[in-house]
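The structure under discussion appears below in the form of structure tokens.
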């Protein structure tokens, strides 16, 4: 699925196979954004009240992402659309009256949306930035083996690699519904593909050099998570 419609954010399909559908694109500018109140009410359903509580800078990404979800559900999957359940901020969006699982992520002007027909999905997009190379975050992020690998990289490659590592772990945390309750130091990315509950981990090209994308697809959330992340100095 791709389109040049400005309101769509010039999206393109990254994945559309085995019941997994992922779309990436650009958040449209405020001038290009369609904002029809009737369409927004149909789009959002029970979650419509959230729109009024958003900062104006977030409206474009919020509406665009949910329109992409609706397009996947109705256009690609041929399912009825009932909007989103009312969910508080910070909680993964859920579709009203549907078993489809949804994940949304954005960073800067980049937006990623994922829908899975069976199991659970998590998507993440991160801009390559110095924050991912800060010692405190590296200690929070890496297993000992991953940290040794990062220490062997030159500065530019190290920053990009650490950004991708964060994106993969964040996408997995979203997929299983753990968020930051998951201790990233105990989650080895190299082991995810050997985990019987993990059906796929993808790191598709973002379309720009300064961003990294990750997609995790799992059978279901585990019964327990590794210990919570602890703050380190």
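Read-outs: derived from the displayed coordinates by stated rules, not from any lab. The structure displayed is predicted, hence computed values, not measured ones. Here Cβ is always computed from backbone atoms with ideal geometry, including for glycine, and neighbour counts include all displayed protein chains.
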Exercise for review: Please identify, among 158, 94, 58, the residue showing maximal mean-square fluctuation in a Gaussian network model of the chain using a 10 angstrom Cα cutoff.
Suggested key: 58
Study note, to complete from the structure: Final fewest-first order of 63, 33 on the 10 Å Cβ neighbour count is 33, 63
Review point. Out of every Cα-Cα pair in the range 123-213, what percent are more than 15 Å apart?
Key: 58
Check your understanding: Which value in nm describes the separation of the simple spin-label points at residue 194 and residue 219, placed 7 Å from the Cα toward the beta carbon?
Key -> 1.8
Exercise for review: Sort 206, 98 so that the residue with the fewest other Cβ atoms within 10 Å of its own Cβ comes first and the one with the most comes last.
Suggested key: 98, 206
Check your understanding: What is the spin-label model distance, in nm, from residue 127 to residue 17 if the labels are put 7 Å beyond Cα along the C-beta direction?
Key -> 3.2
Practice item. Sort 39, 101, 31 so the one with the fewest other Cβ atoms within 10 Å of its own Cβ comes first. Key: 31, 39, 101
Exercise for review: Please pull out the direction-averaged projected area of the range 1-118, using the convex hull of its alpha-carbon atoms, in nm² to one decimal place.
Suggested key: 6.8
Practice item. For the range 1-118, calculate the relative contact order in percent as a whole number, restricting contacts to Cα pairs under 8 Å that are 6 or more residues apart. Key: 28
Review point. Pick from 23, 128, 208: which is most flexible by mean-square fluctuation in a GNM of the chain where alpha carbon atoms under 10 Å apart are linked?
Key: 208
Point to revise | Approximate spin-label separation residue 118-residue 208, in nm, with each point projected 7 Å along Cα-to-Cβ | key: 3.6
